[in-house]
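The values are calculated or read from the model by the stated rules, or taken from the named source; none is laboratory data. Note that this is a predicted model, so its numbers are computed, not measured. A quick note on method: Cβ atoms are made from the backbone with ideal geometry, for glycine too, and the neighbour counts reach across all protein chains shown. Ligands, DNA and RNA are excluded from the accessible area calculation, which covers all protein heavy atoms including side chains. Shrake-Rupley method; radii C 1.70, N 1.55, O 1.52, S 1.80 Å.
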Amino acid sequence: MAQPARRSTLAVEEPPIDPSAVDRAYSAHRARRQARVEASRSRRRARIRFWIVLLVLLGAAVFLALTVWREIQRLFGL
């Protein structure tokens, strides 16, 4: 008849942890998080710049249209 397997009484030793590896991993995660935050800020600033430029161009177009209309009225006596 088969006998039960013996249990190992030796404690499993954990491999030693390299302290510099922990610091490198922490720095890498922090750099990745900082890059993600900076990309988000950059996108937000780009959106704001886009809308400001669009509003300035729209204002310039309205100003130009009103100026041209006024000159047409003045020249043709409308």
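By how many nm would the segment from Trp69 to Ala25 lengthen if fully extended, with 0.36 nm per residue of separation less the alpha-carbon distance?
Additional length available on full extension: 9.3 nm.
Leaving ligands, DNA and RNA out of it, report the carbon-plus-sulfur percent of the accessible area of the chain at a 1.4 Å probe. Intermediate values should be presented prior to the final figure.
On the way: 5260 of 8120 Å².
Its accessible area is 65 percent carbon and sulfur atoms.
Can you work out the accessible area per residue across the chain, with the rest of the protein chains kept in place, probe 1.4 Å, in square angstrom? Each step should come with its number before you reach the end.
On the way: 8120 Å² over 78 residues.
With the other protein chains kept in place, the chain gives 104 Å² per residue.
Expressed in nm to one decimal, what extension gain is obtained for the pair Ala46 and Arg33 from 0.36 nm per residue of sequence separation less their Cα-Cα distance? Walk me through the numbers before you get to the answer.
Working: separation 13, 0.36 × 13 = 4.68 nm, distance 2.00 nm.
Stretched out fully, the Ala46 to Arg33 stretch lengthens by 2.7 nm.
Can you give the accessible area of Leu55, probe radius 1.4 Å, in Å² rounded to 10?
It works out to around 120 Å².
Just to be sure I understand, if you calculate Cα Rg over 2.2 N^0.38 Å for this structure, which of [x] 0.98; [y] 1.82; [z] 3.09 do you get?
Entry [z].
Quick one: 3J(HN,Hα) in Hz for region 34-40, Karplus 6.51/-1.76/1.60 with θ = phi - 60°, rounded, Gly and Pro as x.
4, 5, 5, 5, 5, 5, 5
In the chain, with Lys and Arg counted as +1 and Asp and Glu as -1 at Cβ, which of these residues, Val22, Ala5, Phe50, has the Cα nearest the positive end of the dipole, that is, farthest along it?
Phe50
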